Amino acid sequence: MTAAGDVILETKGLVKEFRGFRAVDNVDLAVKRGTIHALIGPNGAGKTTCFNLLTKFLEPTAGTISFNGHDITRTRPARIARMGLVRSFQISAVFPRLTVRENVRVALQRREGASFDFWRSEKTLRRLDGRAEELAEWVGLADFVDTAAGDLSYGRKRALEIATTLALEPEMLLLDEPMAGMGQEDIQRTAALIRRIAKDRTVLMVEHNITVVADLSDTITVLQRGAVLAEGPYSVVSKNPEVVQAYMGSGHGAALAGAGHG
C-alpha cells in the first residue's frame with residue numbers, strides 16, 4: 001500500500017465517454033514520486049485518451065485527478081504547467097528556423113512569466129543564454145546550440161523538446177510516446193536521457209516499445225478497453241496471463257515475453 005505522501009499524481013474513478021462509448025473506464029492510477037511509471041496496452045486500450053485527460057487536453061466525464069494533493073480535475077493546462085506538471089513532445093515550443101539556443105531561450109522566457117517577446121532587445125535575451133546552453137548540453141546538444149532546429153535529426157529534435165520542457169523546471173514530466181519513429185541509436189540515447197531526467201523528477205510515459213518499458217519503468221499500468229487490466233513491475237506484469245493474452249491478440253505478445261532487463 002502506497003503512503004499518501006509518496007503519490008504525486010492520482011486519479012480516482014476516471015471516466016471519459018464519447019457518445020456513450022467509454023474510452024476510459026473507471027481508472028484508478030497512483031504514480032509514486034521519483035519513479036518512472038509506464039502506461040501501456042494494445043491499440044485502442046485508452047492510453048492516449050487517459051493521457052489527454054491527465055494533461056487537460058480533454059475533460060473527464062467523471063472522476064477526479066490530483067497532483068501533489070491538489071485537485072486539478074477542472075484546472076486549465078497552463079495553470080497545471082505552472083504547478084510543475086508538464087507534458088513533453090506536445091509543448092510546441094520548438095521553432096524550426098530558430099537555433100537550439102534560441103528555442104530553449106523562448107522556453108526560459110515562459111518560465112519567467114514573460115510572453116514570447118521576439119522583439120525584446122538582444123541584450124535582455126542574452127542573459128538567458130548561459131542557462132539555455134546548460135540545458136542544451138544536459139540533453140546532449142552542446143555541439144548543436146547554433147544549429148537551426150529544423151536541421152536536427154529526428155532524435156535530436158526530441159532531445160531539444162525535452163530541453164524546452166526542462167526549462168519550465170517541471171516536477172513531473174508526462175512523455176507521450178517518446179520513442180515513436182526513432183532508430184535504435186536514437187532510442188538508446190533518449191532512454192539514457194529519460195533515466196537522467198528521472199533521477200530528481202517523476203516521469204509518466206505512454207510508450208509502445210516494450211523493451212524500453214521493461215528497461216526503464218519502475219511500475220507499469222496496463223490498460224485494456226479503457227480499464228486497468230494489471231499493474232506492477234515488469235517482472236510481474238509480463239507474466240500475467242491476461243496481459244499476455246491481450247498482447248497476443250494485438251500481435252505484440254512475443255515482444256512482451258521477450259523484453260526484459262538484459
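By how many degrees, between 0 and 90 and to the nearest 10, does the Cα long axis of helix 184-197 differ from the longest principal axis of the chain? The angle comes out at about 90 degrees. Sparse packing (at most 15 other Cβ atoms within 10 Å of the Cβ) combined with a DSSP loop state is found for the following trypsin sites (Lys or Arg not before Pro) in the stretch 25-72: 33.
Listed by Cβ neighbour count within 10 Å, with the fewest neighbours leading, 151, 25 appear as 151, 25.
How far is helix 154-166 tilted, in degrees, relative to the longest principal axis of the Cα atoms in the chain, given as a value from 0 to 90 rounded to the nearest 10? The two axes meet at around 80 degrees. Need one number: % antiparallel among DSSP beta bridges in the chain, to the nearest 5. Antiparallel bridges make up about 55 percent of those DSSP assigns within the chain.
Take every Cα pair under 8 Å in the chain that's 6+ residues apart, average their separations, divide by the length, and report that relative contact order as a whole percent.
Once divided by the residue count of the chain, the mean separation gives 25 percent.
Over 31 Å apart at the Cα level, from the set 32/157; 56/239; 56/199, are 56/239. Where only DSSP H runs of four or more residues are counted, the chain gives -10000 deg cm²/dmol as its mean residue ellipticity at 222 nm, each run worth -39500 (n - 2.57). Remark on residue 73: its backbone amide H falls under 5 Å from those of 65, a criterion applied only to residues 5 or more positions apart or on other chains, H modelled at 1.01 Å from N.
So how do 40, 197, 187 line up by other beta-carbon neighbours within 10 Å, fewest first?
Ascending Cβ contact count within 10 Å gives the list 187, 197, 40.
For Kirkwood radius over Cα pairs in Å, the value calculated from this model appears in (i) 18.7; (ii) 19.2; (iii) 19.9 under label (ii).
In order along the stretch 168-174, the Karplus-derived 3J(HN,Hα) couplings, from 6.51 cos²θ - 1.76 cosθ + 1.60 at θ = phi - 60°, round to 7, 6, x, 8, 9, 10, 10 Hz, and Gly and Pro are given as x.
Each value in this text was obtained by applying a stated rule to the coordinates, not by laboratory testing. Since the model is a prediction, treat every value here as computed from it, not as a measurement. Note that we place each Cβ from the backbone using ideal geometry, even for glycine, and neighbour counts take in every protein chain shown.
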